[in-house]
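Shown next, in structure tokens, is the structure this report addresses.
The values are calculated or read from the model by the stated rules, or taken from the named source; none is laboratory data. Owing to the predicted nature of the structure, the values given are computational and were not obtained by experimental measurement. Glycine also receives a Cβ, built like all others from the backbone with ideal geometry; neighbour counts cover every protein chain displayed. Side chains included, ligands, DNA and RNA excluded: accessible areas come from the protein's heavy atoms. Shrake-Rupley method; radii C 1.70, N 1.55, O 1.52, S 1.80 Å.
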Amino acid sequence: MDAGVGSTVFMNALTCPAAREAGPGRPSKSSEAASSPRSFHRRVVGAVQASAALLFLGAARLVAVKQTAYQEHVSEYGVHWNFFFTLSVVA
């Protein structure tokens, strides 16, 4: 992981609405919602919807790189991974 990915993930964590709502000794709304059985499905669907654009961008970049035979640095992300996939997983 390079400095760009690390700093983006760090800034996302600092500005996350769930992190801003939860204070010291005060649970976040997401931990309260985790107690209901239907909330898991809703959270999964919400996470997929929120990450859909990043997943699309990652897939488009992967196809573009493979089709144009652009150079890939395997040591950075691996063969089939890229920055957009990383962001969709941590988002």
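Compute the accessible area per residue over the stretch 34-91, keeping the other protein chains in place, probe 1.4 Å, unit Å². Kindly include the intermediate steps, with their values, before the conclusion.
Values: 4390 Å² over 58 residues.
That works out to 76 Å² per residue.
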*Vicinal HN-Hα couplings computed from phi for the stretch 43-48 (Karplus, 6.51 cos²θ - 1.76 cosθ + 1.60; Hz; Gly/Pro x)*: 5, 5, 4, x, 5, 5
*Report the net charge of residues surrounding Phe83, where surrounding means a beta-carbon distance below 14 angstrom and charges are Lys +1, Arg +1, Asp -1, Glu -1.*
-2
